[in-house]
Amino acid sequence: MICRPTGAARLDDHARIAGLASITIVGGILLGTIWLYVFPLMVDRGIGLGEAMRTSYEMVRRAGFWEHLALVILLMVVNSIGGPAALVTVPFSIVAVVVAYHAVEGRGDAVERA
């Protein structure tokens, strides 16, 4: 005899899946925030991935986690437009991250001169 899930059991499964999805989405946003500067650090300083991840975490923590979280969420919203607009929104996001990197590094004057 095959047991088929009842409506309540299926609803419970959907709730678990939705909970797992929300945990992974929130976790991804938080990790994206603390590792925001990994690629700029690797290019600018020529360091490896692990060192860049540690340094990015320290930079975000020192300069303000909540401000960086707001930047990441703003860039996600801008990039969610998608389609042909991505030809503008993605480069905008890259420039925004690089400008923020230089500002946190204390080299904001180099951005202003450029």
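Here, each number is a calculation from the coordinates, and none is a lab measurement. Note that this is a predicted model, so its numbers are computed, not measured.
Once every DSSP H run of n ≥ 4 in the chain is given -39500 (n - 2.57) and the sum is divided by its residues, what mean residue ellipticity at 222 nm do you get, rounded to the nearest 500 deg cm²/dmol? Write down the numbers at each step before the final one.
On the way: 6 runs with 91 residues, N = 114.
Using -39500 (n - 2.57) per qualifying helix, the result is -26000 deg cm²/dmol.
Here the Gaussian network model covers the chain, with springs between Cα atoms less than 10 Å apart; of Ser93, Ser56, Ser80, Ser80 fluctuates the most. Highest mobility in the GNM of the chain, judged by mean-square fluctuation with C-alpha springs under 10 Å and restricted to Thr33, Thr24, Thr89, is found for Thr24. For the options Ala86, Ala15, Ala63, a Gaussian network treatment of the chain with springs between C-alpha atoms closer than 10 Å singles out Ala15 as fluctuating the most. Taking the inverse of the mean 1/r over every pair of distinct Cα atoms in the chain gives a Kirkwood hydrodynamic radius of 16.6 Å.
With helices defined as uninterrupted DSSP H runs, which ones in the chain have an alpha carbon span along their own long axis of at least 27 Å and mean Kyte-Doolittle hydropathy of at least -0.5?
On the way: long enough: 7-34 (41 Å, 0.98).
Those that pass (Cα extent of 27 Å or more, hydropathy at least -0.5) are 7-34.
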